[in-house]
Structure formats: structure tokens, C-alpha cells
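K.L.:
Here it is, the structure in full.
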Amino acid sequence: MKYIVCEKPGLFKLKEKSNPQKVEGQAILGVKKIGICGTDLHAYKGNQAFFTYPRILGHELAAEVIDIEENNQNIKVGDKVIVMPYISCGQCIACKNGKTNCCTELRVLGVHTDGGMQEQISVPINLLIPANKLSYAEMAIVEPLAIGAHAVSRAQIVPNEFIVVIGSGPIGIGIMKFAQIAGAKVIAMDIDSGRLHYAKDKIDIDHIVLAGEASGDIIAKITDGEMATGVFDATGNKEALEKGLNYMANGGRYVLVGLSNGKLEFEHPAIHAKETTIMCSRNATLKDFEYVIDILKMGKFPVDSFITHDVSFAEMIHHFDSWLDPKNGVIKATVNF
Ligand SMILES: NC(=O)c1ccc[n+]([C@@H]2O[C@H](COP(=O)([O-])OP(=O)(O)OC[C@H]3O[C@@H](n4cnc5c(N)ncnc54)[C@H](O)[C@@H]3O)[C@@H](O)[C@H]2O)c1
Ligand SMILES: [Zn+2]
Ligand SMILES: [Zn+2]
């Protein structure tokens, strides 16, 4: 079978190897479509410290079961399945408390172990989520959307509250849509006006704000001087992360979804005066995946416009560099097998 491996930063190779062998507790899947995300782009660029090479990337998988033993979920050969790419230990304190998303031993398929850029893959049966009613396109975007669903669930949105989502990339867009579905009045912020217009036109976000000197004043105006009771960072940008608190109302919560890789600085009197709740949101749980699947089944998410680039397996290597450039208008790129 064919597979694409990232041999070292900046270098993909299309190679051949034998099909995976059936192992007890695992299913053999035929990969049908995968989504490409920031993590894959960073791994390719070589700026993700925890990556080791060579690595088969890809953790946003839409697949079909080729071989499986009898199992509790009653998943059968031929079923369409999504793979939950977070391999948790089931025994640590986080797992015992149902927080498998931040397991102390967490390994992510396609990050710490080989992922989906291959025609077939063997994965533990307990990572499979049946998705017979979804299209492959819908299935391939469940994982990135689940990240947003998890963040929104962490924030416990109250209907009619104002929230600001900083960063209108695929992660921020998921947050915006699910917060809107939960009844929040959503304000999208970004430095990229193209992405803001996507949020307005396709996600029906009422308020879009180009990040800059005046963003605080604009948000004060939109919220009638009260500011937002919830602020989400989906940029991972240090400056944006440190500024985000300025948009938050007293008593609000600040949800960090974006990942920056250094220190953040906040003035303690400022965060104290607002009695700020700062919370991080990492990965997603089965509940978040199931929520996203339900939303997709109800047709409440604009899948077609979200997937901006869709290529075949053979073409992927050729296109990958162009997906690194925001000028090409990429929101979500997917690869077909
Ligand atoms: N919590 C998790 O488990 C998890 C999972 C996946 C991704 N992430 C992180 O979420 C973040 C967003 O992911 P993505 O794939 O949407 O990324 P992305 O790069 O596609 O989108 C980020 C957006 O932020 C905007 N931005 C950058 N600097 C800004 C600033 N100063 N002010 C306003 N906007 C700014 C960019 O223009 C871009 O539209 C990343 O940091 C990523 O690592 C977290
Ligand atoms: Zn991802
Ligand atoms: Zn664990």
C-alpha cells in the first residue's frame, strides 16, 4: 500500500509498504479522507519541538472498516468510522475523572505515533466512533470542530451573553459556531479580513472586528460598554493572548485554546480586579465528538465552504507548501484516498 511520510522538516515522500496485519483489540481501516491541520503544517515546517521524524502525519481521519473482531460498539466491516486520535491510558488521575483529553500519558495519533497519511491503518477499536450517516467530508472535520466544541463546553455559555473569539481560523470558527448555537452573541476578531468575512458570510457571525489599536473601543461599543463575559483565544499568538483580557468583562472567563510555546505575562492587579477565570482547553472528549456529529447531521455547519482545498493523495505533496501561505485562502484542506 502507499503512504506519505514526512522524512524530515520540509520533505514528504510517497512510499510503498505492506498492509498492516490484524492485531487483537485493533481494527484495520481503509483511510478515505483526512483533514490537514496546523499541527501537520507545523510538523512539516519543523517548528514543533516534540515531533520526531520520520513520521506519518494526519490525525483528522474519515475511514471505513476493513477488518474488525466482535466489539462492544457493534462496529462491523464496511462501517464508516471517525478515529478519535487521542490515545489515553485510562488509569491516570485525569482519565479516572473523565478528562481523557488531558491524560498524563496522552499520545496523539499522527503526532506521537504514525497517523493517517496511508491507505490502511491499524488502530485500537476503542478509538473508533461510528459515523455511517455522515459524508467523508463531514467525518474529516469532526476532530478540529470537536476542539471548538470542547472549549465552548468548558466555558458553559449562557444565552445572550457576549463572547469574543480571537482568531478566525478553523479552530476559532468552530468555537464561534458552537457558541452561537449555545445562544451567545459572538464577536469574531482577526488580523485577516478575508477570514473575518468568511465568519460573517458563512458562519453568520454578527460582529467582526479587525484586530488593532481600536479593537477594545469597538468591543466596548458593541457590548454597550460592558465588554464580553467570555473571551476565547484561538490564535496561539503571544501578543493576542496577552491582550485578550482587555476585552473581558469583570467576572468573565478567558479560555485559552490557541497554543503559544513560551511565557505569557499578565498584570496581576488587572486580572485580580476582574476576578478572572483563566482556563485552558485541550483536545476534546468523546462527548465533544458526539456533539459535533449531531450538529453535522442536523446540517447546522457549512461543511462545503469550510473545506476550501480538496486534493487527491497523489497530489498532496505538490500542494502542501501552498497551504502554508494564508494568502491562498486556506481554511481546511483535505486529502482523498
Ligand atoms: N487546544 C487544542 O487542543 C488545540 C488543538 C488544535 C489547535 N490548537 C491551536 O489553536 C490555534 C488556532 O488553530 P488554527 O488551526 O485555527 O490556526 P490558524 O493559524 O489557521 O488561525 C489562527 C488565526 O489567528 C489569527 N491571528 C494571528 N495573530 C493574531 C492577532 N495578534 N490578533 C488577532 N488574530 C490573530 C490569524 O490571522 C489566523 O486567522 C493554534 O494556536 C493551534 O495550535 C489548539
Ligand atoms: Zn488537528
Ligand atoms: Zn490517562
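K.L.:
What is the stretch 148-280 by shape, rounded, prolate or oblate, if you read a ≥ b ≥ c off the alpha carbon gyration tensor as root eigenvalues and call it rounded for a/c under 1.5, prolate for a/b larger than b/c, and oblate otherwise?
P.N.:
rounded
K.L.:
Rounded, prolate or oblate: which fits the stretch 16-103 when a ≥ b ≥ c are the square roots of the eigenvalues of the alpha-carbon gyration tensor, with rounded for a/c under 1.5 and prolate only if a/b beats b/c?
P.N.:
In terms of gyration-tensor shape, oblate.
K.L.:
Let me ask something else about it. Assuming a strict under-23 Å limit between Cα atoms, what lysine pair count do you get for the stretch 154-282 once near-sequence pairs (fewer than 8 apart, same chain) are dropped?
P.N.:
19
K.L.:
Still on this structure, I have one more. Cα centroids of the stretch 1-63 and the stretch 240-259: how far apart, whole angstrom?
P.N.:
34 Å
K.L.:
Something else about it: Using a cut-off of 9 Å between beta-carbons, work out the net charge of the residues near Glu69 (Lys and Arg +1, Asp and Glu -1, Glu69 not included).
P.N.:
-2
K.L.:
Between the stretch 137-209 and the stretch 73-95, what is the separation of their alpha carbon centroids in Å?
P.N.:
Computed from Cα coordinates, the inter-centre distance equals 26 Å.
K.L.:
Over the stretch 16-100, what is the relative contact order in whole percent, taking alpha-carbon pairs under 8 Å and six or more residues apart?
P.N.:
RCO, the stretch 16-100: 27 percent.
K.L.:
Indicate the helices, whole DSSP H runs only, in the chain that combine a mean Kyte-Doolittle hydropathy of -0.5 or more with a Cα extent along their long axis of 15 angstrom or more.
P.N.:
Membrane-span-like by this criterion, though nothing is claimed about a membrane: 142-155, 170-181, 286-297.
K.L.:
Right, next: Give me the distance in nm between label points sitting 7 Å out from Cα along the Cα-to-Cβ direction at Ile317 and Ile271, one decimal.
P.N.:
Each label point lies 7 Å from its Cα, and together they span 4.6 nm.
K.L.:
I would also like to ask the following. Of all the accessible heavy-atom surface of the chain, with the other protein chains kept in place and a 1.4 Å probe, what percent is carbon and sulfur?
P.N.:
50 percent
K.L.:
Another question, then. Can you tell me, using C-alpha contacts under 8 Å and at least 6 residues apart, the relative contact order of the chain as a whole percent?
P.N.:
Over the chain, the number comes to 16 percent.
K.L.:
Counting each DSSP H run of 4 or more residues in the chain as -39500 (n - 2.57), what helix-only mean residue ellipticity at 222 nm follows after dividing by all residues, to the nearest 500 deg cm²/dmol?
P.N.:
Using -39500 (n - 2.57) per qualifying helix, the result is -8000 deg cm²/dmol.
K.L.:
Quick one: putting +1 on the C-beta of Lys and Arg, -1 on the C-beta of Asp and Glu, what dipole do you get for the stretch 148-280 around its Cα centre, in Debye to the nearest 20?
P.N.:
For the stretch 148-280, the charge dipole is close to 360 debye.
K.L.:
Using only the Cα atoms of the chain, build the gyration tensor, take square roots of its eigenvalues as a ≥ b ≥ c, and label the shape rounded, prolate or oblate: rounded if a/c is under 1.5, else prolate if a/b is larger than b/c, else oblate.
P.N.:
Judged from the Cα gyration tensor, the chain comes out prolate (a/c at least 1.5, a/b above b/c).
K.L.:
Identify, among Leu245, Ser193, Val81, the residue whose Cα sits farthest towards the positive end of the charge dipole of the chain, taking +1 on the Cβ of Lys and Arg and -1 on the Cβ of Asp and Glu, with the dipole about the Cα centre.
P.N.:
Selected residue: Val81.
K.L.:
Keeping every protein chain present and rolling a 1.4 Å probe, give me the accessible area per residue for the chain in Å².
P.N.:
46 Å²
K.L.:
Further question: With a cut-off of 8 Å between alpha carbons and a minimum separation of six or more residues, what is the relative contact order of the stretch 148-280 in percent?
P.N.:
Relative contact order of the stretch 148-280: 22 percent.
K.L.:
How big is the dipole moment of the chain about its Cα centre under a simple scheme where the beta carbon of each Lys and Arg is +1, that of each Asp and Glu is -1, and everything else is neutral? Debye, nearest 20, please.
P.N.:
Dipole about the Cα centre, nearest 20: 420 debye.
The values are calculated or read from the model by the stated rules, or taken from the named source; none is laboratory data. Worth saying up front: this structure is predicted, and the values here are computed from it rather than measured. All Cβ positions, even for glycine, are placed from backbone atoms using ideal geometry, and neighbour counts span all protein chains on display. All accessible areas refer to the heavy atoms of the entire protein, side chains included, with ligands and DNA or RNA removed. Shrake-Rupley method; radii C 1.70, N 1.55, O 1.52, S 1.80 Å.
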